[in-house]
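Input: a single structure, listed below in structure tokens.
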Amino acid sequence: MQIHIHAQDGVPIYLQVVQQIKYLVASGRLQAGEELPSIRVLAEQLLVNPNTIARAYRELEAAGVVEKRRTAGTFIADSGSPLARKERLKLLNDRVDQLLVEATQMGFELDDVLKLIQQRGLVLRQPKREE
Amino acid sequence: MSDSTQMSSASVIEIQRLSRSFGDKRALHEVSLSIPRGGVFGLIGGNGAGKTTLIKHIMGMHYAQSGSVRVFGIDPVAHPVEVLGRIGYMSEERDVPNWMRVKEIMNYTQTFYPAWDTKYAEELREMFDLDPKQRIRNLSRGQAARVCLLLALAHRPELLVLDEPSSGLDPVVRRDILAAIVRTIADEGRTVIFSSHLLDEVERLADRIAMIHDGKIILHDRLDTIKESFHRFTLRFEQPFNEAPLILGTIERQGAGHEWTYFCRGDRDQLIQAARTLRAEIVQESLLSLDDIFVSNVTRS
């Protein structure tokens with residue numbers, strides 16, 4: 001699990017951990033049922049206060065991203081949960097926003113973009129053929 | 001602090017109105033600090049701000065000219081053995097007798113600490129890759145720092161006091177030191193106090209911080225609380241200003257015409273309300289690092 005902490009950018013560290021784990025889950029790099037490192041191990045790896053990791057895990061648990069099991073481990077929750085879907089949608093939203101901003105800058109209307117997306121969708125569904 | 005009175009029984013360190021001068025140079029002025037048991041306490045300040053002087057009072061190396069210092073409820077000057085036996089200390093100079101060999105300094109230091117854990121000391125020596133036969137003076141700066149860290153940790157102290165532990169060290173040794181801090185507090189109930197001018201380290205590790213400047217404590221609270229009470233907003237006003245209107249809690253404001261950036265201390269909702277009252281739109285809000293907060297507090301005071 002790759003997490004990078006930037007202590008200087010103002011975002012609280014626990015939040016950086018929460019956001020990056022959510023991102024790893026939404027992008028499929030952490031799968032349902034995978035075990036997260038213990039608080040102590042992750043704290044030592046990232047060189048942050050163990051209380052900060054504990055807080056991040058609590059937030060992730062409250063958000064349904066991870067679940068604590070009786071054997072004291074923390075695991076990624078089932079990705080079918082509505083929250084995981086919400087996170088994935090949020091990721092996609094960011095990409096769509098970027099696309100729309102660029103399209104506007106290049107002088108395309110929303111309708112043009114919609115048509116283009118449909119066209120590309122068709123092309124992508126015919127995998128063997130050249131574009 | 002709101003909880004300092006109720007926490008005082010659980011405090012590891014209780015400093016009240018401590019002042020200290022060296023000649024006509026004032027080093028500490030009316031410093032009051034209560035450091036609760038457990039967790040990491042970060043002491044932040046520039047060079048010459050008073051960090052080391054404060055730490056030396058905790059270690060009983062300076063007596064209090066006025067005010068009082070209590071460590072575990074005991075006066076460290078009057079009862080050095082009781083206090084120092086429970087503290088692991090690494091000074092900024094990291095001074096150890098440099099003619100001794102690694103093994104010799106370990107054996108020598110062990111005699112001062114009844115709680116010295118020989119097995120743990122050996123584990124640390126191996127982990128830090130220290131040759132027992134090497135003389136201290138032949139070690140690299142980083143290896144010498146590791147020796148000091150080993151000596152501070154091997155009796156598993158209740159309180160670990162590190163004065164600028166990573167200054168002048170390469171990232172690999174810094175990592176060892178920071179990891180040692182993490183391991184120390186992962187063990188229930190132990191306390192770490194460390195001073196640093198590297199705010200990145202403090203932000204990573206501290207539960208609580210105190211900012212010291214010119215011998216005075218200018219900010220002292222939980223790190224979370226401090227970070228939540230400073231805000232930076234960029235406001236867009238309906239009409240241009242030569243001088244932007246003042247908002248309660250403003251520390252600094254910069255800008256021109258319609259757009260002004262405010263650096264404020266206070267409750268976020270109240271600040272937003274104040275902006276609305278001025279019919280300004282918040283066009284940007286950004287979070288502040290400890291660095292930003294430190295610089296603004298120091299330049300203001």
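Every read-out reported here was derived from the displayed coordinates using simple, explicitly stated rules and does not represent laboratory data. Because the structure is a prediction, the values reported are computed rather than measured. All Cβ positions, glycine included, derive from the backbone under ideal geometry; neighbour counts span all protein chains shown.
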Check: So what is the calculated 222 nm ellipticity per residue for chain B, using -39500 (n - 2.57) for each DSSP H run with n of 4 or more, over all residues, to the nearest 500 deg cm²/dmol?
Finding: -9500 deg cm²/dmol
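GluC sites (Glu not before Pro), restricted to the range B:215-301: which are DSSP loop and have at most 12 other Cβ atoms within 10 Å? If you can, show how the numbers build up before the last one.
Details: sites: B:GLU228, B:GLU238, B:GLU243, B:GLU252, B:GLU259, B:GLU281, B:GLU285; in loops: B:GLU243.
Filter output for the range B:215-301: B:GLU243.
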Next item on the list: Work from the charge dipole of the protein assembly as shown (Cβ charges, +1 for Lys and Arg, -1 for Asp and Glu, about the Cα centre) and give the residue of B:ALA274, B:ALA210, B:VAL182 farthest towards its positive end.
Entry: B:VAL182
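Rounded to the nearest 20 debye, what is the charge dipole size of chain B about its Cα centre when +1 sits on each Lys and Arg Cβ and -1 on each Asp and Glu Cβ?
Working: 37 positive and 41 negative charges, 128 e Å.
My answer is approximately 620 debye.
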Margin query: So if a site counts as exposed when it's one of the trypsin sites (Lys or Arg not before Pro), its DSSP state isn't H, G, I, E or B, and it has at most 12 other Cβ atoms within 10 Å, what's the longest stretch of chain A without one?
Written below: A:71-127
Next item on the list: State the answer as a single residue: which of A:LEU124, B:LEU162, B:LEU43 lies farthest towards the positive end of the charge dipole of the protein assembly as shown, with beta carbon charges of +1 for Lys and Arg and -1 for Asp and Glu, about the Cα centre.
Entry: B:LEU162
Item checked: Helix-only CD estimate at 222 nm, as mean residue ellipticity for chain A, using -39500 (n - 2.57) per DSSP H run (n ≥ 4) -> -18500 deg cm²/dmol
Checklist line | Cα centroid separation, the range A:1-36 to the range B:184-203 (Å) | finding: 23
Next item on the list: Please list the radius of gyration and Dmax for the protein assembly as shown, considering alpha-carbon atoms only, with Å as the unit.
Entry: 26.5, 87
Notebook entry, point to check: Taking the simple approach of a point 7 Å from Cα along Cα-to-Cβ for both A:LEU110 and B:GLU30, what is their distance in nm?
Noted result: 6.1
Next item on the list: Give me the angle, in degrees from 0 to 90, between the Cα long axis of helix B:171-186 and the longest principal axis of the Cα atoms of chain B, rounded to the nearest 10.
Entry: 90
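Need one number: the % of Cα-Cα pairs in chain B sitting beyond the 23 Å mark.
On the way: 27419 of 45150 pairs.
Percentage above 23 Å: 61.
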